[in-house]
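I have placed the structure first, in the form of structure tokens, so that the comments after it can refer back to it.
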Amino acid sequence: MAEKNTTAYNDDSIEVLEGLEAVRKRPGMYIGSTDTRGLHHLVWEIVDNSIDEVMAGFATKINVTMEKDGSITVEDNGRGVPIGMNKKLKKSTPEVIFSVLHAGGKFGGGGYKTSGGLHGVGSSVVNALSTRFDVTIYREGEINEIKFKNGGKLAKPLTKVGTTKKTGTTINFLPDPTIFSSTKFHFSTISERLKESAFLSSGLEIHLTQLNGEVKQVDYKFTNGLAEFVKELIHNHTPITPVVQLQGNEKGIDVEIALSYTEDYKENVLGFANNVKTVDGGTHLTGFKTGLNKAINNYALEIGLLKEKDARLDSNDLKEGLTAIVSVKVPEELIQYEGQTKGKLGTSEARAATETIMNQNFTFWLKENKELATTIIEKALLARKAREEARKARQAIRNAKGKNKTKAMLGKLMAASGKDKTKNELFLVEGDSAAGSARKGRDSKIQAILPLKGKVINSEKAKLTDLLKNEEINTIISAIGAGVGSEFDLEDSNYQKIIIMTDADTDGAHIQTLLLTFFYRYMRELIEEHQVYIALPPLYQIIFGDQKSIYLWDESDLEKFVQANQNKRYELKRFKGLGEMDDTQLWETTMDPSSRKLIQVDLEDGHAADRAFKVLMGDNVEKRKEWIQENIKFTLEDEEAGIIL
Ligand code: 1YM
């Protein structure tokens, strides 16, 4: 918990700036928007005042309640808002704080507070945008109440209503429905944000209760918050180091860092300044990276993993698999934000402070943990090598294109004749015979065919360098032409659609999942941008006496057909695989853009997809079968209906 900030508050130090009408006229100026986001902003605004009181070292507990009537109650056990009189304004201090715009008034300095960023416009803004705003203050042995209504009009002046031994502040507010497009709060949105606050203030106890609708409660308290935050971010990736925690204070700036390396190649580094997320980064993150860079390179040189003549590891090499939280506490008078949404820390002192603390403390850790240090450095060296190889591969493709050597590089690719990347499609086809029919049947202007023989390597288990040795994978990377892993750049992709075409059996499903895993791990943007599809070939063909025929995609189609055609004579044919279809059949049913069925592969959210892939590609064969059966259905779906990974 924070050290107590002993700067005394003075009831006369609050200044008057603007009226609350200004807030009601242009709410967007103060809270960003009047949609759900803006609505939730009201909660952050009030909670941040409680968090300030936590950071000042006086509060240890925050309760947030979503009340039955749609209002929100926030309660803390801090000192309680001062209850004296403001002589200049001849009003009670709470009346000034809650009804005068910009009356933050924690002057005198010496403290950290959340205000100054996107938040911190003050509780008065919340009052201005509420139909009810009731404050109860527990302080100096008394319970005092003050109430406002209709956008900040005083309904009950500060009044003593009882005595108490406790201290703290409770605010209950009901957002004005004439201001917000929706006044419905979301439990998950609030709980996520509160959890983040609890992670950032170890020891702080936060409870969230929902009383409207289904009654729910979550409780957060972390003794080692930052480390637990990193563990949550790592989620189901495999860590290759434990969580390393570093902290220090440089020139009044508190720096706390928790980091870990995982087997993944993605980086996940989050920055916070005075407990507010800096979505666009800033000086603290720059300092962190420079410090990390110096510490690792110097140590690698010292132990000989890097030689003087070698190029130094750069931040691209060091960021692969890096998961970290960088949290700085900057004194009020130094805090500075940049950017339109003020999501970027601008304080230059924060750069120096994080760099120094990161470099010094991490160097110390590396020396104390030689084996883990070596693991980190070797991963970075490997990342560099993989990037270098991927870069060479791309370069080779570019060169090959120029020199008409494409064929050798691209193996069995049957390219499309048209060069319009926004129209071209790449079919990844299981088996040579199906690929043969596909080649004959295709629209060769826009459709390229790549036959896949044998099993695709499992990307979940193999390292990128091994993957690059696999012929199938290499050909796919070359054909798409946009690099791989951290080098992948969707802009360079040669195709608008990548369509996986396999037999409708377990083997086919397996190939699909192996390919999807590969795309998910190493070309994620393809999936994120919905450019990966699965072709759905029909299972049955019905041939009538006159040789006319129709196709049926699954059992239920067949059942319906049989029911409806009991008196007709026809021949029923079941396709065992794509290879049984001739080129015309394959074109008509599976490739013709005007009549085919495609499943668009979609990501519901990164976490869920990650979990699915772990199940999918791990060692548990039973689980995998289950997943395939549940999630990859060979049934007739609406065109581009979408399976959610
Ligand atoms: C549920 C919301 O606002 N708590 C809160 C606010 C204040 C204090 C304590 C506080 C601050 C100081 C001294 C100080 C505020 N005080 C002011 C002002 N919870 C909630 N808890 N004593 C109490 O910073 O010096 C504004 S907010 F202006 F009076 F200092």
Quiz item: Within the range 267-281, how many residues turn out to be open to solvent by 10 Å² or more (accessible area, probe 1.4 Å) and more than 17 Å from the chain's Cα centre (by Cα)?
Solution: 1
Quiz item: For residues in the range 223-254 being more than 17 Å from F272 (Cα to Cα) and hydrophobic (A, V, I, L, M, F, W, C), which is modelled with the lowest pLDDT?
Solution: I234
Practice problem: For the range 282-289, state whether one or more residues are open to solvent by less than 60 Å² (accessible area, probe 1.4 Å), touching a strand residue (DSSP E or B) at 6+ places or on another chain (Cβ under 8 Å) and farther than 24 Å from P242 by Cβ. | Solution: yes
Quiz item: So W44 fits all but one of (1) within 27 Å of the chain's Cα centre (by Cα); (2) open to solvent by less than 10 Å² (accessible area, probe 1.4 Å); (3) more than 6 Å from the ligand (Cβ to nearest atom); what number is the exception?
Solution: (2)
Exercise. Could you tell me whether the range 88-96 includes any residue that is in contact with a helix residue (DSSP H, G or I) (Cβ under 8 Å, 6 or more places away or on another chain) and open to solvent by less than 10 Å² (accessible area, probe 1.4 Å)?
Key: no
Quiz item: Does the range 603-622 include one or more residues that are exposed (fewer than 13 other Cβ atoms within 10 Å of the Cβ) and modelled with pLDDT of 85 or more?
Solution: no
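For T363, state whether it is of a type in the set (V, I, T) and either part of a strand (DSSP E or B) or touching an Asp or Glu at 6+ places or on another chain (Cβ under 7 Å) (or both).
Numbers: of a type in the set (V, I, T): yes; either part of a strand (DSSP E or B) or touching an Asp or Glu at 6+ places or on another chain (Cβ under 7 Å) (or both): no.
It is false that T363 is of a type in the set (V, I, T) and either part of a strand (DSSP E or B) or touching an Asp or Glu at 6+ places or on another chain (Cβ under 7 Å) (or both).
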Quiz prompt | Pair list, Cβ under 7 Å, 6 or more apart: the range 174-198 residue in contact (Cβ under 8 Å) with a residue 40 or more places away in the chain and in a strand (DSSP E or B), other residue of a type outside the set (A, V, I, L, M) and open to solvent by 60 Å² or more (accessible area, probe 1.4 Å) | solution = L174/D69; L174/R132
Quiz item: Residue check, A128 against (1) in contact with a helix residue (DSSP H, G or I) (Cβ under 9 Å, 6 or more places away or on another chain); (2) open to solvent by 10 Å² or more (accessible area, probe 1.4 Å); (3) away from the ligand (no atom under 15 Å from the Cβ), all met but one. Which one?
Solution: (2)
Practice problem: Scan the range 133-160 residue by residue and report those that are more than 16 Å from the ligand (Cβ to nearest atom) and open to solvent by 60 Å² or more (accessible area, probe 1.4 Å). | Solution: K149, N150, K153, L154, P157, K160
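If you check D35, D52, which single one turns out to be within 15 Å of the ligand (Cβ to nearest atom) and either at pLDDT 95 or above or of a type in the set (D, E, K, R) (or both)? Break it down into steps so the answer makes sense when it comes.
Details: D35 fails: within 15 Å of the ligand (Cβ to nearest atom).
Just one listed residue meets the conditions, D52.
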Quiz item: Of these, V126, V96, which one is in a helix (DSSP H, G or I) and at pLDDT 95 or above?
Solution: V126
Quiz item: In the range 63-91, which residues are more than 8 Å from the ligand (Cβ to nearest atom) and within 20 Å of S197 (Cα to Cα)?
Solution: N63, V64, T65, M66, I72, T73, N77
Quiz item: In the range 50-74, how many are under 13 Å from I206 (Cα atoms) and buried (at least 21 other Cβ atoms within 10 Å of the Cβ)?
Solution: 7
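In the set V269, V326, which member is assigned to a strand (DSSP E or B) and within 26 Å of A56 (Cβ to Cβ)?
V326
Out of the residues in the range 233-266 that are charged (D, E, K, R) and not in a loop (DSSP other than H, G, I, E, B), state the one that is nearest to the chain's Cα centre (by Cα). I'd like the intermediate steps shown before the answer.
So the first thing to find is which residues in the range 233-266 are charged (D, E, K, R), and the list is 250-251, 254, 256, 263-264, 266.
If we keep only those that are not in a loop (DSSP other than H, G, I, E, B) too, we end up with 250, 254, 256.
Numbers: E250: 31, D254: 26, E256: 22 Å.
Among residues in the range 233-266 that are charged (D, E, K, R) and not in a loop (DSSP other than H, G, I, E, B), the one nearest to the chain's Cα centre (by Cα) is E256.
The values are calculated or read from the model by the stated rules, or taken from the named source; none is laboratory data. Please read all numbers here as calculations on a predicted model, not as lab measurements. Methodologically, a virtual Cβ is constructed for each residue, glycine included, from the backbone with ideal geometry; neighbour enumeration extends over all protein chains shown. Each accessible area value is taken on the protein alone, full model and side chains, heavy atoms only, with ligands, DNA and RNA left out. Shrake-Rupley method; radii C 1.70, N 1.55, O 1.52, S 1.80 Å.
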